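Encoded as structure tokens, the structure appears first; notes follow it.
The values are calculated or read from the model by the stated rules, or taken from the named source; none is laboratory data. Only a predicted model underlies this, so the values are computations on that prediction, with no experimental measurement involved. Cβ placement follows ideal geometry from the backbone for every residue including glycine, while neighbour counts extend to all protein chains displayed.
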């Protein structure tokens, strides 16, 4: 069903208009529209995956203009897997946001616009169209970060806007150089034309360099990562979980497409220093990101710097240029999205109970929120790379591929990163399970003082309609982390009503992410079998 490729983008955009159109008439229209869009997106992504599984590859010519002159949407084993990932994450975050917020119509419109942009990045087969979807993704993300409604959130959004605009501009300039060289924007057609122009052509090399730097900004590789910690830390928990799972993932996948689909492995053979430079940049990002994560006490900033390191590892796997390492990079890309989304939701939920989001604030939290604490611990060990979780499968293939490709430095960096990841997560787990919890009265007081600050203030403020009517169905009984007093006796038995508890939705999402991380690891061979045919084409 090739039409499903276009509908993956069209449906979220159309439904994004619903909260804007009727939000003032029905204050829950945003959540309903997002839920419908998430379910529709899941059905469409399953249709695309089924088609790819049956035929190996499907494409759609927008407006019936035959490529390379028209815009082409393409699905293969990799992109089909990633649009399924978008569906799963979107569904989980929409469920979590039902209680955690933000509840404004603007939030849900931005979320659906971001879903459309990311889906477009995963399925487009045209370089300029890729730029359009990257910009849609960026604009929606800037707006979502600003939903925190605090000065810090506004500053983080502005910083991301400035840095992200520079990255997108560099990417577009690089595309322009390739178009001047070849006269084409279609990825598959460029792969045929670039060898005739010459990979060592100054125009081609300049285009490659500008595109890589532009996408490195979007992926948040060191030292181009400066927007990410503030954006993650100051956003509402729902926003942080979503953008941490998918926004940089989309940029990393775009870089994968540039390296393997447009330039192909033949480019590395002709101009080896280009990808050698990318390997060095990615390796430095892995080490620096891991070290900075160890130094953090704020949990959201710790996870933000962790993402800098993890995406560095993914890009290093892509830049090694062999099937094993590239497979590891793709597996880790998928696994990281699931693990990081679950970790941010879990941290937000636990922060609501603990009254703060520093490492020390989680002292003894496992006694008050055992289910979420256990799921966060599973996700932490999965990200470290403890088998059988998916983190092990991805890192193992990257290490093997690096050794096979004669790049032992990448293998060494992966091992060092794993040890550092264990170091910063060990602190968190030690506080959760082996420290005495503070007195309940102190927890209640601290939770009340930090309820707004923990999530940028967005969840505690009603939207315009709620302010006008004074009838917010969610206000007053929920903490910013998605708390709902009386949600579940497992996590809040015998606690006074002033102590926030973890909502059912937050618990469900975190547990689902933990289970998903383990299942992806157990069935990693099936995932690899699904993406391997795509890579084999590039290495023929």
Is there a residue being in contact with a helix residue (DSSP H, G or I) (Cβ under 9 Å, 6 or more places away or on another chain), at positive phi and either crowded, with 24+ Cβ neighbours inside 10 Å or at pLDDT 95 or above (or both) anywhere in segment 100-116? yes
Among (1) in a helix (DSSP H, G or I); (2) surrounded by 21 or more Cβ atoms within 10 Å (Cβ to Cβ); (3) at pLDDT below 90, the one test that residue 154 misses: (2)
The lone exception for residue 296 - which of (1) part of a helix (DSSP H, G or I); (2) in contact with a helix residue (DSSP H, G or I) (Cβ under 7 Å, 6 or more places away or on another chain); (3) surrounded by fewer than 21 Cβ atoms within 10 Å (Cβ to Cβ) it fails: (1)
Given the condition within 13 Å of residue 116 (Cβ to Cβ), touching a residue at least 40 places away in the same chain (Cβ under 8 Å), in a helix (DSSP H, G or I) and touching a helix residue (DSSP H, G or I) at 6+ places or on another chain (Cβ under 7 Å), answer yes or no: does some residue in segment 16-24 qualify? yes
Which of the residues belonging to segment 216-235 are closer than 17 Å to residue 92 by Cβ and either at pLDDT 90 or above or in contact with a strand residue (DSSP E or B) (Cβ under 7 Å, 6 or more places away or on another chain) (or both)? none
Quick one: would you say residue 91 is crowded, with 22+ Cβ neighbours inside 10 Å and in contact with a helix residue (DSSP H, G or I) (Cβ under 6 Å, 6 or more places away or on another chain)? no
Exactly one of 172, 144, 193 is within 28 Å of residue 66 (Cβ to Cβ) and touching a residue at least 40 places away in the same chain (Cβ under 8 Å), and that residue is 172
From the option list 338, 288, single residue qualifying as more than 29 Å from residue 97 (Cβ to Cβ), assigned to a helix (DSSP H, G or I) and modelled with pLDDT of 90 or more is 288
Please work out which one of (1) out of contact with any strand residue (DSSP E or B) (no Cβ under 7 Å at 6 or more places or on another chain); (2) at negative phi is the condition residue 61 fails and give its number. (1)
Any hit, segment 132-140, residues being in contact with a helix residue (DSSP H, G or I) (Cβ under 9 Å, 6 or more places away or on another chain) and farther than 24 Å from residue 259 by Cβ: yes
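Here is a yes/no grid of residues against (1) part of a helix (DSSP H, G or I); (2) surrounded by 22 or more Cβ atoms within 10 Å (Cβ to Cβ):
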| site | (1), (2) |
| --- | --- |
| 34 | yes, yes |
| 37 | yes, yes |
| 40 | yes, no |
| 43 | yes, no |
| 48 | yes, yes |
| 66 | no, no |
